[in-house]
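Undergrad: Below: one structure in structure tokens.
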Amino acid sequence: MELENIIQMRAGKLFVPNKIIIPVIPGDGIGPEVWAATKMVIECAIRKAYGDNRSINFLPVLAGEVAFHQTGSWLPDETLEQFRKFRIGIKGPMTTPIGGGIRSLNVALRKELDLYACVRPIRWFHGVPAPVKHPEIMNITIFRENTEDVYSGIEFEADSTEANQFFQLISDNFPDEKQKIRFNENVAFGIKPISMEGSKRLVRAAVNYALKFGKKTVTLVHKGNIMKFTEGGFLNWGYQVGTDEFPDQVYTSQQWQKTREMYGDEIAGQEKESALQNGKIWMNDIITDAAFQQTLLYPQRFEVIATTNLNGDYLSDALAAQVGGIGIAPGANINYESGLAIFEATHGTAPGRAGKNLANPSSLILSAEMMLRYLGWDEAADLINEGLEQTYDKALITYDLAQFVPNSTQLGTIEFAAAVCESMKTI
Ligand code: NAD
């Protein structure tokens, strides 16, 4: 019986039965409250979209503080096995363990399950207070590489045996590089692995997403001007994906540049115009610092961003802040080959707010919207979007936003979820 409920991957495509089981980590702090609200909204959307024909049975699994208290492990093996078995899961925020063992549960989950793409769509909701004049022109999805870069966790503490050995290794084998280390003592080291395979699969995922959702631009964000082989590698491999793997769907700024050098501005301009008129996606690139400026000044020039781990970490929060959505931005961690995916709230556990029915559940609700779309249950996903849009539009909001919106009505976490459900029409 249970096997019938399992999501499978067949020939690169997800096969989703009508009745499925999805493991859930409610999380710590405000996690259980925002999860209860999200569950209410998901079940309401599915009921309104499909009646009894489709359903999700949520299976709570252990991770974080709760898991530690019950089992002595922050991330029990059984939890990882359940995610592998059922393929798609959802999670609330988790307390980061302090001292020893796992550095971050989120990083551990992503690495263990090889969830290489961190997908963060960033858009504005009418009624949400934002610090910029025109938050409505922002509609950007960031694909952040999740498994490499300085986040690989290879670091040697200053003055440790490992750091000294590492320093010796460089001194013995790479004397020129040794000269580049400014101070020879009390120096810590970190390693930044960036591979062709890791970069290509991330950019491939971004292009496939752009094609699926009718986006016209994919921008590679990198710091290849300084880190020529790591960030520069990401850039070159990214362009290779465009030209080698999607020759009929993508036109790159490298191709345009080449034509320009050979035949001049006019011919290059015509070639570009014709490619874009024929529906090709424009793949370009930008250096990270400029990306921070340009996404603030001209967000409308960006649609899908593909970038390395650290760049993506900074950029996703900066862009979310621009639309007032730092507490409401959703996120997903996906491996498009295995189909494994975990959808998550992007904020933390807000311990000071826990247990007070105050937290804003929008981040997890929007992550659930992404999850339903990933499952191919678009009708239910659309209902959630619509429900949220209308609730914000009516200025029915939680305390975090209500304090900035005059004449708004402040709702508790679960009352907000109920208002979202009420705003969804039955189809
Ligand atoms: P936080 O996101 O928990 O809180 C930052 C501020 O935002 C606080 O003022 C909080 O009250 C508010 N806030 C956050 N989410 C909110 C919501 N949904 N509704 C209303 N207000 C909200 O960040 P922090 O205080 O730096 O971290 C607390 C804990 O959460 C730490 O253990 C941290 O490591 C962890 N954390 C986990 C995740 C995750 O699991 N994805 C992400 C970030 C932080």
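Undergrad: Residues that are buried (at least 17 other Cβ atoms within 10 Å of the Cβ), outside any helix (DSSP H, G or I) and of a type outside the set (A, V, I, L, M, F, W, C): does region 292-306 have at least one? Can you show your working first?
TA: If we filter region 292-306 for residues that are buried (at least 17 other Cβ atoms within 10 Å of the Cβ), which is where we start, we get 292, 295, 299, 302-306.
Going one step further and asking which of them are outside any helix (DSSP H, G or I), we end up with 302-306.
Right, trim to of a type outside the set (A, V, I, L, M, F, W, C) and you get 303.
For region 292-306, residues buried (at least 17 other Cβ atoms within 10 Å of the Cβ), outside any helix (DSSP H, G or I) and of a type outside the set (A, V, I, L, M, F, W, C): present.
Undergrad: Given the criterion touching a Ser or Thr at 6+ places or on another chain (Cβ under 6 Å), closer than 21 Å to residue 370 by Cβ and in contact (Cβ under 8 Å) with a residue 24 or more places away in the chain, identify the matching residue among 16, 61, 41, 34. Quick ask: steps written out before the conclusion?
TA: Working: 16 fails: touching a Ser or Thr at 6+ places or on another chain (Cβ under 6 Å); 41 fails: touching a Ser or Thr at 6+ places or on another chain (Cβ under 6 Å); 34 fails: touching a Ser or Thr at 6+ places or on another chain (Cβ under 6 Å).
Residue meeting the stated conditions: 61.
Undergrad: Related question: Taking the residues in region 329-353 that are within 11 Å of the ligand (Cβ to nearest atom), among the β-branched types (Val, Ile, Thr) and touching a strand residue (DSSP E or B) at 6+ places or on another chain (Cβ under 9 Å) as candidates, determine which candidate is farthest from residue 375 (Cα to Cα). Explain how you work it out, then say what you get.
TA: Kept after step one, since they are within 11 Å of the ligand (Cβ to nearest atom), are these residues of region 329-353: 329, 331, 333, 342, 344-353.
Those still in the list that are among the β-branched types (Val, Ile, Thr) too: 342, 346, 349.
Still in the list and also touching a strand residue (DSSP E or B) at 6+ places or on another chain (Cβ under 9 Å): 342, 346.
Numbers: 342: 12, 346: 20 Å.
Here the residue is 346.
Undergrad: Any idea which residue in region 383-407 is nearest to the ligand (Cβ to nearest atom), counting only those that are in contact (Cβ under 8 Å) with a residue 40 or more places away in the chain and touching a helix residue (DSSP H, G or I) at 6+ places or on another chain (Cβ under 6 Å)?
TA: Here the residue is 398.
Undergrad: Kindly check whether there is at least one residue in region 342-354 that is without any contact (Cβ under 8 Å) to a residue 60 or more places away in the chain and over 27 Å from residue 209 (Cα atoms). Working first, answer last.
TA: First pass over region 342-354, keeping only residues without any contact (Cβ under 8 Å) to a residue 60 or more places away in the chain: 352.
The next check asks that each one be over 27 Å from residue 209 (Cα atoms); those that pass are 352.
Among the residues of region 342-354, at least one is without any contact (Cβ under 8 Å) to a residue 60 or more places away in the chain and over 27 Å from residue 209 (Cα atoms), which makes the answer yes.
Undergrad: To continue, here is another question. Check every one of the strands (runs of 3 or more DSSP E) wholly within region 1-78 and list those with 2 or more residues that are closer than 26 Å to residue 349 by Cβ and within 16 Å of the ligand (Cβ to nearest atom). Steps first, please.
TA: On the way: elements: 8-10, 13-15, 19-25, 55-60.
Qualifying strands (runs of 3 or more DSSP E): 19-25.
Undergrad: Name the one entry in 173, 186, 164 that is free of Cβ contacts under 8 Å to residues at least 60 places away in the same chain and at positive phi. Steps first, please.
TA: On the way: 173 fails: at positive phi; 164 fails: at positive phi.
Residue meeting the stated conditions: 186.
Undergrad: Among the helices (runs of 4 or more DSSP H) contained in region 165-243, which hold 2 or more residues that are more than 30 Å from residue 378 (Cβ to Cβ) and at pLDDT below 95?
TA: On the way: elements: 175-178, 196-212, 231-240.
Counting at least 2 such residues, we get 175-178.
Undergrad: Any residue in region 357-373 that's closer than 20 Å to residue 409 by Cβ: show its pairings with residues that are of a type in the set (Lys, Arg) and within 11 Å of the ligand (Cβ to nearest atom) at Cβ separation under 6 Å, as long as the two are six or more apart or on different chains.
TA: Pairs found: 359/353.
Undergrad: Also: In region 102-144, which residue that is assigned to a loop (DSSP other than H, G, I, E, B), among the small types (Gly, Ala, Ser) and more than 14 Å from the ligand (Cβ to nearest atom) is surrounded by the most Cβ atoms within 10 Å (Cβ to Cβ)?
TA: Here is the first cut: in region 102-144, the residues assigned to a loop (DSSP other than H, G, I, E, B) are 102-104, 113-116, 124-134, 138.
Then drop every residue that is not among the small types (Gly, Ala, Ser), which leaves 104, 127, 130.
Going one step further and asking which of them are more than 14 Å from the ligand (Cβ to nearest atom), we end up with 127, 130.
Working: 127: 19, 130: 17.
Of everything passing the filter in region 102-144, 127 is surrounded by the most Cβ atoms within 10 Å (Cβ to Cβ).
Undergrad: Looking only at region 390-413, count how many residues are in a helix (DSSP H, G or I) and surrounded by 15 or more Cβ atoms within 10 Å (Cβ to Cβ).
TA: So in region 390-413, the residues in a helix (DSSP H, G or I) come out as 390-393, 399-402, 413.
With surrounded by 15 or more Cβ atoms within 10 Å (Cβ to Cβ) added as a condition, the list becomes 390-392, 399-402, 413.
Counting residues in region 390-413 that are in a helix (DSSP H, G or I) and surrounded by 15 or more Cβ atoms within 10 Å (Cβ to Cβ) gives 8.
Undergrad: Go through (1) more than 16 Å from the ligand (Cβ to nearest atom); (2) surrounded by fewer than 24 Cβ atoms within 10 Å (Cβ to Cβ) and name the single condition residue 357 misses.
TA: Evaluating residue 357 over (1) more than 16 Å from the ligand (Cβ to nearest atom); (2) surrounded by fewer than 24 Cβ atoms within 10 Å (Cβ to Cβ) leaves (1) as the failure.
Undergrad: Sticking with this structure for a sec: Report whether or not residue 275 is surrounded by 17 or more Cβ atoms within 10 Å (Cβ to Cβ), free of Cβ contacts under 8 Å to residues at least 40 places away in the same chain and of a type outside the set (Ser, Thr, Tyr). Break it down into steps so the answer makes sense when it comes.
TA: Working: surrounded by 17 or more Cβ atoms within 10 Å (Cβ to Cβ): yes; free of Cβ contacts under 8 Å to residues at least 40 places away in the same chain: yes; of a type outside the set (Ser, Thr, Tyr): yes.
The answer is yes for residue 275.
Undergrad: Answer yes if at least one residue in region 360-376 is within 16 Å of the ligand (Cβ to nearest atom) and over 17 Å from the mean Cα position of the chain (by Cα), and no otherwise.
TA: The answer is yes, given that some residue of region 360-376 is within 16 Å of the ligand (Cβ to nearest atom) and over 17 Å from the mean Cα position of the chain (by Cα).
The values are calculated or read from the model by the stated rules, or taken from the named source; none is laboratory data. Everything quoted here is computed from the prediction, not taken from an experiment. All Cβ positions, glycine included, derive from the backbone under ideal geometry; neighbour counts span all protein chains shown.
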